[in-house]
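What follows draws every value from the coordinates through simple rules; no lab data is involved. It should be emphasised that the depicted structure is a prediction, and the values quoted were computed from it without experimental measurement. With ideal geometry, Cβ positions are generated from the backbone for all residues, glycine too; neighbour counts draw on all protein chains shown.
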Amino acid sequence: MAISTIVKTKRDGTITFSDNAAAKTLTVAYEQGDLNVSIPGYTIISVLDRGEFTSTPTLRKGDDQPCTFTFTAYLRDLSDATFITLESIVCNGGYFASTWVSRGGATADVKTVLTTWTIEGTNHGDSADHTLALDYCWITGSVAEGDPGVISVSGTAYDLYPTLT
């Protein structure tokens, strides 16, 4: 398959959160289309000779670094005991806290989710849709009132690289 020639726009993307085994999911709605993903990979260790690079630099892999991401959405609800909201994922409350199982399992100390960014491709002539999946994500954020109110979501994925399809 050749590389797609279709330029992707914010209208093509969808962000979804899933629990363990994807038994429960939330597709984010009313978002601004400003997802930003940072993929640092592993730390690079540069071995210097008395403070200088060698003629061919000596580079080694160091510690893994987590991927991070941010996006914003419009504030529509906070939390409920019977349905999932984006805000309940950020606050670890409501239906999320009581029914979602961590990607690390039911006894995991930290409740993480799978975050998937799906980019529509087939509707525009590609042979498939495209996905970037970040696993074991710890979600944080902030809420701000305004016209409209906004929720800013941040995530840290304890995964060296995202899975791309």
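General remarks:
- Take the conditions (1) charged (D, E, K, R); (2) surrounded by 11 or more Cβ atoms within 10 Å (Cβ to Cβ); (3) touching a residue at least 12 places away in the same chain (Cβ under 8 Å); Asp77 misses just one of them, which is (3).
- Count of segment 93-122 residues which are touching a Lys or Arg at 6+ places or on another chain (Cβ under 6 Å) and farther than 13 Å from Leu26 by Cβ: 3
- Residue tally, condition within 24 Å of Thr163 (Cβ to Cβ) and of a type in the set (A, V, I, L, M, F, W, C), over segment 30-56: 4
- Considering segment 146-161, and only residues there that are within 15 Å of Trp117 (Cα to Cα) and hydroxyl-bearing (Ser, Thr, Tyr), the residue that is surrounded by the fewest Cβ atoms within 10 Å (Cβ to Cβ) turns out to be Tyr161.
- Total residues in segment 33-56, condition assigned to a loop (DSSP other than H, G, I, E, B), free of Cβ contacts under 8 Å to residues at least 60 places away in the same chain and within 19 Å of Thr68 (Cα to Cα): 3
- Residue within segment 143-164 that is touching a residue at least 24 places away in the same chain (Cβ under 8 Å), under 17 Å from Asn36 (Cα atoms), in contact with a Leu (Cβ under 7 Å, 6 or more places away or on another chain) and assigned to a loop (DSSP other than H, G, I, E, B) present: yes
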